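Just below is one structure, and these are the notes that go with it.
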Amino acid sequence: GSLLTSRYQCFTSRRRLFSLKRKRSRKESYSVYVYKVLKQVHPDTGISSKAVGIMNAFLNDIFERIAGEASSLAHYNKCSTITSREIQTAVRLLLPGELAKRAVSEGTKAVTKYTSSK
């Protein structure tokens with residue numbers, strides 16, 4: 001209630017009041033990567049925090065859709081593992097034409113780069 005503030009977490013223990021500095025919860029986002037990709041394609045272009053927020057929501061949505069579709073595909077095939085094959089098929093099903101082709105080729109390139117670096 002009134003004991004809790006935004007910066008401190010208070011609780012009672014054996015009739016004594018303790019105050020602990022609350023650890024800032026780290027919020028995961030794609031913002032760093034949105035910025036990095038923007039700088040790769042348009043080095044002299046900036047982006048507002050609101051636009052980064054929109055991009056973050058978009059990427060979370062796409063991630064959820066691909067993961068959900070890949071999960072369904074694994075379930076249909078009576079598998080308990082989502083592999084790159086399920087991800088690739090999910091991308092082909094979810095994204096339209098040329099965008100799917102591009103996403104698949106970029107994904108294949110990324111997987112190849114990852115496996116060769118191990």
### Query
Any idea which residue in region 34-70 is surrounded by the most Cβ atoms within 10 Å (Cβ to Cβ), counting only those that are touching a Leu at 6+ places or on another chain (Cβ under 9 Å) and in a loop (DSSP other than H, G, I, E, B)?
Ile47
### Query
Has region 71-81 got at least one residue that is closer than 20 Å to Tyr30 by Cβ and either part of a helix (DSSP H, G or I) or more than 17 Å from the chain's Cα centre (by Cα) (or both)?
no
### Task
For region 20-33, indicate whether the set of residues that are surrounded by 13 or more Cβ atoms within 10 Å (Cβ to Cβ), over 22 Å from Ser105 (Cβ atoms) and polar (S, T, N, Q) is non-empty.
yes
### Message
Give all pairs with beta carbons closer than 8 Å in which a residue from region 103-117 that is more than 16 Å from Glu86 (Cβ to Cβ) meets a residue that is loosely packed, with under 10 Cβ neighbours inside 10 Å; count only pairs at least 6 apart in sequence or on separate chains.
### Response
none
### Message
Can you tell me how many residues within region 87-116 are more than 23 Å from Glu28 (Cβ to Cβ) and either in a loop (DSSP other than H, G, I, E, B) or not hydrophobic (A, V, I, L, M, F, W, C) (or both)?
### Response
16
### Query
Quick one: is Glu98 under 19 Å from Phe58 (Cβ atoms) and of a type in the set (D, E, K, R)?
yes
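Rule-based calculations on the coordinates, nothing more; no lab input. Not measured: the values here are computed from a predicted model. As a convention, Cβ positions derive from the backbone with ideal geometry for all residues, glycine included, and neighbour counts pool all protein chains shown.
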